[in-house]
1. At a Förster radius of 25 Å, what calculated FRET efficiency corresponds to the Cβ-Cβ distance of Thr5 and Asp69, to the nearest 0.05?
2. Divide the volume of the convex hull of the Cα atoms of segment 352-493 by its number of residues and quote the answer in cubic angstrom per residue.
3. For segment 368-420 and segment 335-349, compute the distance between their C-alpha centroids and round to whole Å.
4. Quick check on segment 309-423: what are the equivalent-ellipsoid semi-axes from the Cα gyration tensor, as sqrt(5λ), descending, whole Å?
5. Ignoring ligands, DNA and RNA, please state the percent of accessible area on segment 394-480 from carbon and sulfur, probe 1.4 Å.
6. Send over a whole-number figure in Å² for the accessible area per residue of the chain, probe 1.4 Å.
7. Per the Debye formula with a single identical scatterer at each Cα and no solvent contribution, what log10 I(q)/I(0) holds for segment 547-615 at q = 0.15, 0.18, 0.23, 0.27 Å⁻¹?
8. Name the lysines eligible as straight-distance cross-link partners of Lys356: C-alpha to C-alpha under 16 Å, and not fewer than 8 places from it in the same chain.
Amino acid sequence: MTAETRAFQAEIRKLLDILVHSLYTEREIFLRELISNASDALHRVQFEMLTNHEVRDPGIELSIHVRADSAARTLTIADTGIGMTREELVENLGTIARSGAEAFARMLQEGASVDQIGRFGVGFYSVFMVAEEVSVTSLSYRPDASAWTWRARGEDSYELEPAERDQRGTTIVVRLNEDAGEFAEPGRLESIIHRHSDFVSFPIYVGDSATPANHRQALWRQPASEVTAEAAADYYRQLTLDWEKPLLHITVSTDAPVQVHALLFIPSKLDRSGLALRQDFGLRLYSHRVRIQEHNKDLLPPYLRFVEGVVDSDDLSLNVSRETVQASPVMRRIKSVLTRRVLDGLKDLAAGDAEKYAAFWGEFAPFIKEGIATEAGDKDRLVPLLRFYTSRNDAALSSLYDYVGRVAPDQRALYFLPADDQKGAQRSPHLDYFRKKNLEVLFFLDPLDGLLPSALEEFEGFPFRNVAEAGLELPADETAEAAPVAPAASLDGLLAQLRTQLGERVQDVRLSSLLSDHPARLVAPAGAIGSEMERMRRLMDRDYEAPARLLEINPHHPLILNLAQRAAAPDDIFAAAAEQLYDNCLLLEGFHPNPADMVDRIARLMEAATRATGA
């Protein structure tokens, strides 16, 4: 039977062209990817044999063999895994997910490292960095299947033809490029295996050696005292392909209330690929050292989905389908244990290394806030993890306990200010009163912070209060009463003119007793949603329009005094200044829809301000 020729998908052709014709210094990672695929095939057949007694060759060793022939310049990687049928060869090697190939090709063109290829589901194709030709011969575990060979040269097409193979599994033969002869040297291969594949669960034999080249340590089953930071970091790198060290590793080994061993990691960064492509989050789940699931999403609550790691429990039955794992009561107990240990680990990190915890908070803060809003049972463990910048210290993060420890003797609430960033918060007119009274204000700089007041209601007996609320009950500011103020009639006239000028854009215009340094501010009227929730609404709905607010003006500010004088006979300058006053407040609140609209008005005001006297 002659070989059948088929064309690659356009996305794969583009990726192959980049890999074949570009020079990458990390070429050795192709072996890591091929071994990783072989390991996955072994895990799959191992799981299949738990419930299926009709698997081909059930008694052969689950292993990987790597052989090199330097004279022929060939490299062979063979496994005894689950194998592939003809249709699976086409699906897995010829028509894989387009999104992965396209996204990774784009990343390479932007100058990113080829080392990330495995995270996009296209790791097999890295072999074409070193190969003239690649042939893949596979025999499926299914008793009635026949062997097939897939062959390609990194061009536009590949070939398929029937093959002869006596044993279940897959053999990849790589004919190396002339400049890739180093990968046919056993010593070089062993070095790569130690660096990239040392923790693969199955033995990897190189050449005729009967001793595996990899250590195959189930690191998660080692006592915590024996798991060094270096060993944990090496395992994390091989598990995730993330070359940055994790911020934290957590070992779990307990027999009650459930038998479980785990090695969990907090990554140093949330998005390690630069493209946020991964949707396959979840922990690797083992039972009796047999992998049951590659990405189990039920071992931790959703808000901890950034955690990486491995979980192994002898209390989980091997004779269950993957679909029934999540319904197991053992799983619920494991989830409880792991959640507690992760949160305790983060609490210890915060107490022991403020700099590292600040790095964690900068990456993963939204997940902790999500947990407070969605997992009532975990709230008490999550609240101590919260961190904020404040009006008193915007250079270092503070916990709620830090804040409460600094409250004034007569302070009755926990004050917060929603803002887009620290500079915006420090410029806010809402802080005028609190600065004068030396009252500390928490900065809510993340839209998700708006969920906290309703989720927590109070902390240590202090209710949460937004300083942008109207009607805050605060002690009077005696110093403001001594400052110059316009006559009452002038102020009444100004209030009336501002109401006319601004119309329905404001609910009302009134005098403020809290402003000192700023001429005006916008506050939410009684009964309206606070600015913290408005930011959430804007985040979820681009067409959301904020309701009209109250405009409060400072009767002691020079600008307001000047406007009060002009209000008796309002002219174009008065109208432009009133509009600019309102727009300034919108800008400071972060609500202005189009700041560019102010340019012409500002130019008119500048022209009037610079006009020569008597002109």
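The values are calculated or read from the model by the stated rules, or taken from the named source; none is laboratory data. Quick caveat: nothing in here was measured; it's all calculated off a predicted structure. We place every Cβ from the backbone using ideal geometry, glycine too, and count neighbours over all the protein chains shown. Ligands, DNA and RNA are stripped out before the accessible areas are found, and what is left, the full protein with its side chains, is counted by its heavy atoms. Shrake-Rupley method; radii C 1.70, N 1.55, O 1.52, S 1.80 Å.
1. Efficiency for this residue pair is about 0.35.
2. Working: hull volume 19.7 nm³, N = 142.
Dividing the Cα hull volume of segment 352-493 by its residues yields 138 Å³.
3. Computed from Cα coordinates, the inter-centre distance equals 20 Å.
4. Details: eigenvalues 275, 44, 35 Å².
Equivalent-ellipsoid dimensions as semi-axes: 37, 15, 13 Å.
5. Details: 1900 of 3900 Å².
Whole-percent figure for carbon plus sulfur exposure: 49.
6. On the way: 28500 Å² over 615 residues.
Dividing the accessible area of the chain by its residue count gives 46 Å².
7. -0.57, -0.81, -1.20, -1.36
8. Lys356 reaches Lys245, Lys269, Lys347.
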